[in-house]
1. How far is it, in nm, from the label point at residue 11 to the one at residue 59 when both lie 7 Å from their Cα along the line to the Cβ?
2. Taking the chain as the reference, fit the longest principal axis to its C-alpha atoms, fit the long axis of helix 13-26 to the helix C-alpha atoms, and give the angle between the two in degrees, 0 to 90, nearest 10.
3. How many nm is it between the label spots at residue 48 and residue 26, if each spot is 7 Å from the Cα in line with the beta carbon?
4. P(r) for the chain: what percent of alpha-carbon pairs falls in each 10 Å bin, starting at zero?
5. Under the rule of -39500 (n - 2.57) per DSSP H run of 4 or more residues, summed and divided by the residues of the chain, what mean residue ellipticity at 222 nm is obtained, to the nearest 500 deg cm²/dmol?
6. Roughly how tilted is helix 48-61, in degrees to the nearest 10 and between 0 and 90, from the longest Cα axis of the chain?
């Protein structure tokens, strides 16, 4: 996936990750399920809590929907 999180940026890491995922959704690169939390943690080096916060931001924006036990999916009905 190749997400780069800049630790020196004034933008919080969860906001950087959310922006990256938002851009990839807008570009059509992600059209179904988002990568798992575990995959995002491994790819970015961020903690689980930070990844969850980034995804929750996208849920709050209505871009994705979280289905308990199944994953997080891009919403196509927005």
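No value in this document is a laboratory result; all are computed from the given coordinates. Keep in mind that this is a model prediction, so the values were computed, not measured. Note that each Cβ is placed from the backbone with ideal geometry, even for glycine, and that neighbours are counted across all protein chains shown.
1. Placing both labels 7 Å along Cα→Cβ, they lie 2.3 nm apart.
2. Compared with the principal axis, the helix lies near 40 degrees.
3. Result: 3.1 nm between the two label points.
4. For the chain, the pair-distance distribution reads 19, 57, 22, 2.
5. Using -39500 (n - 2.57) per qualifying helix, the result is -14500 deg cm²/dmol.
6. Value to nearest ten degrees: 50.
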